[in-house]
Amino acid sequence: MRITRSFLLLVTAGVLAWSCNPNELSDSPTAVSPDGKNSVTVSVNAEGQLQYTVLREGDTLIAPSTLGFMFKDAPELSKGLEVTKRYQMSNKGKWEMPWGEQKYVEDNYQELFVAAKETGEAGRTIHLRFKVYDDGIGFRYEFPKQPGWEEATILEENTHFQLTEDYTTWWIPGDWDIYEHLYTTSPISKINAISKQNHPNLAATYIPQNAVNTPVTMRGESGLHLSFHEANLTDYAGMTLKVDTTTLTLSSGLVQSERNGYAVKRRLPFETPWRMIQIADKATDLIKSRLILNLNEPNKLGDVSWIKPTKYVGIWWEMHLAKSSWDVASGKHGATTENAKKHIDFAAQNGIGAVLVEGWNTGWERWIGFPDREGVFDFITPYSDYDLEGVVAYGKEKGVDIMMHHETSAAPRTYEQQMDTAYALMQRLEIGAVKTGYVGPLIPEGEYHHGQWMVNHYRKAITEAAKHNIAINAHEPIKATGIRRTYPNAISREGLRGQEFNAFGAEGGNPPEHLPIVAFTRMLAGPIDFTPGVFHQKLTPYKDKNQVSTTLAQQLALYVVIYSPIQMACDLLVYYEDHPAFQFIRDVAVDWDDTRVLNGEVGEYVSIARREKGSDNWFLGAITNENAREIPITLNFLKGETTFIMTQYVDAEDAHWDDNPGAYKINTMEVKKGDEISLKLAAGGGAAISFFPKK
Ligand code: NOJ
Ligand code: CA
């Protein structure tokens, strides 16, 4: 092994890595994961198509699967290719997260590079790069600079994944506008995304094909788990996976710009996002994996100490309960100066770092359902009953930050026009984070939330905000693809069916299995602004036909299980005041040095323990679906030779997500590393536990 110049450069960037010299390879080059279990082979079939095969311990996971592209004004790039160059190299590395689930991430893989050229007249060249890790594989296409090919207008990417088993699959439809669907559990052969069209509670939805959105997770007969997704989605269209239920083939279905009649337009040279397959012997290993971050580029923002992980309360749930509203015309405006100050007082008294105020700015009178939303929202001008500067100053006095809110109503051009001024205002007021929103069908028509045009808009918000030291928490976002590594101000996002759905109409609520599925699907992509913490599950007197279908103890457990460096305590303050269980929310950390996934099965249950950043304090969350169960846990993660005060917030004997959701109890005892505990989770229940070293 030779220490390269890049080694020295990486060390100065806080990254440790070393690479071996490239090896020359045979005609069907292979790369193997460091543990020897996963391998990828690239070959060219009889028609001259590039194809790849993935094996795990000799078993074929992905049978030979072809690759290629269709273009608008050029012939398909698919057949008649020959390999002109190939090499393989190994990498061992480690990098530090500025915030995250753990302090250090290991980045060990073998890489395979293949260049191929059309033998025919067009003579175009395309490159493939695979990275093979212990926890899965990633590959991408690279379009190198070449004579006679300046720009590619891609109609479709033809990446195939030929499965070898009819896996049990947890999927949401391949909606081009929204990820806010419930998961369905079915074999691949029974996936019917079209049946999910026209959901009544979605302000924008478009499902044109039998396709799924990613991450999509599967379990095989042997217990092996796979999850398909993409990493580093940059200047490209989001990828759905089209499903052939007969041949069990998945293939890339790019979100189109119907306005322009293509999916992606790029000037050469460029690279596609990484197509990623997580591979795990057991479900819990999926959550431990940081493959998606390893497939992204290192931090480009430098010192990001201005990004603050925090808990927050807000003027938010009261709108979803219809207790108050975003707009003023209704006569029950929620974002008043007085209400904001009340929230600041509560936050200050309870060690909560920030207050989100929605509905503070003008424009809400022409929001959902109005076709012409361009130029309506104003991101600078508060309603007359809200003293923005006064509220911010009051928060400063009390040590509480305001979290800004920008609902764009899916009119991104209006937002882009005001972006600079809006972020400059925030910077002047020292507001360090904004929750953005994109409710409704996109303007202009023919663009979709997950297409290239919007991928670039969401990225622009992140990079522009970074210039003003602002973190972004996007709702109705583009999916998380690990961009938080490169731009750590992409602090969290929605991109799933969040807590808000529990307050929506008849088909709104999330069933108890929802979060035990989310932990093994959406959460693999990155932090989730789920907004946990509902203590009053039945939602009376505001929405008495709706409810939150978990116990109170599960709502507490979500602070640990569903990862985000910003965590809302979303319920009305009145339900928190003097509530003994609120102590867990006061105590729980939001930034971590270590994460252990203790047990779990997709859609059933999961337990996760995390160690607070820079401390020996641990927090544990366990959640279950509609089935009550008892989970044994050995406290192996605790630091040795230390006595800990363990406080459990658990379901009472008679707790039940529907019959008795609020029944909980608090137990406190002393424990040490290696002690065994048993958690009794009610139907739809959970357990939240803090461990503090005894003083
Ligand atoms: C949808 C978001 O998910 C929700 O949190 C927000 O309150 C509304 N949009 C209004 O912006
Ligand atoms: Ca939403």
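None of the figures in this text is laboratory data; all of them are computed from the coordinates on show. Given the structure is predicted, the values throughout are model-derived calculations rather than measurements. All Cβ positions, glycine included, derive from the backbone under ideal geometry; neighbour counts span all protein chains shown.
Numbers for the structure displayed
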quantity	calculated
Within the stretch 218-287: Cβ-based charge dipole about Cα centre, in debye rounded to nearest 20 (Lys, Arg +1; Asp, Glu -1)	300 debye
Local net charge near GLN349, Cβ-Cβ under 15 Å (Lys/Arg +1, Asp/Glu -1)	0
For the stretch 356-492: rounded, prolate or oblate by the Cα gyration tensor [a/c cutoff 1.5]	oblate
LYS673, LYS196 arranged by Cβ crowding within 10 Å, fewest neighbours leading	LYS673, LYS196
Helix 552-561 vs. the chain, principal-axis angle (Cα, 0 to 90°, nearest 10)	40 degrees
Of GLY174, ALA122, ILE191, farthest towards positive along the dipole that unit charges on Lys, Arg, Asp, Glu beta carbons give the stretch 80-200	ALA122
Relative contact order for the chain, counting Cα pairs under 8 Å that sit 6 or more residues apart, in percent	11 percent
Protection-proxy order for peptides 490-497, 179-186, 511-518, each taking the mean of Cβ atoms within 10 Å per residue, highest first	490-497, 511-518, 179-186
As computed over the stretch 549-614, the Cα convex hull volume per residue (Å³)	102 Å³
Cα-based shape type of the stretch 76-227, given that a ≥ b ≥ c are square roots of the gyration tensor eigenvalues and the cut on a/c is 1.5	oblate
For THR60, net neighbour charge (Lys/Arg +1, Asp/Glu -1) across residues whose Cβ lies under 15 Å away	-3
Size of electric dipole in the chain: Cβ of Lys, Arg +1 and of Asp, Glu -1, about Cα centre, debye, nearest 20	1420 debye
Cβ-based charge dipole, the chain, positive-most Cα from PRO632, THR246, ILE470	ILE470
Crossing angle, helix 337-350 versus the chain [Cα axis fit, 0-90 degrees, rounded to tens]	80 degrees
MRE, 222 nm, helices only [DSSP H, n ≥ 4, -39500 (n - 2.57), over the chain, to nearest 500]	-4000 deg cm²/dmol
Antiparallel content of DSSP bridges confined to the chain, in %, to 5	85 percent
Computed label-point distance, nm, for sites VAL304 and ASP73 using a 7 Å Cα→Cβ extension	3.9 nm
Estimated translational D of the chain in µm²/s (Stokes, Kirkwood radius over Cα pairs; 10 °C; 1.306 mPa s)	61 µm²/s
Potential lengthening between LYS665 and GLU258 on full extension [0.36 nm per residue; Cα-Cα distance subtracted]	141.0 nm
The stretch 113-203: C-alpha gyration tensor shape, a/c 1.5 cut-off, then a/b vs b/c	prolate
Additional length obtainable on full extension of the chain from THR421 to GLN146, 0.36 nm per residue less Cα span	94.9 nm
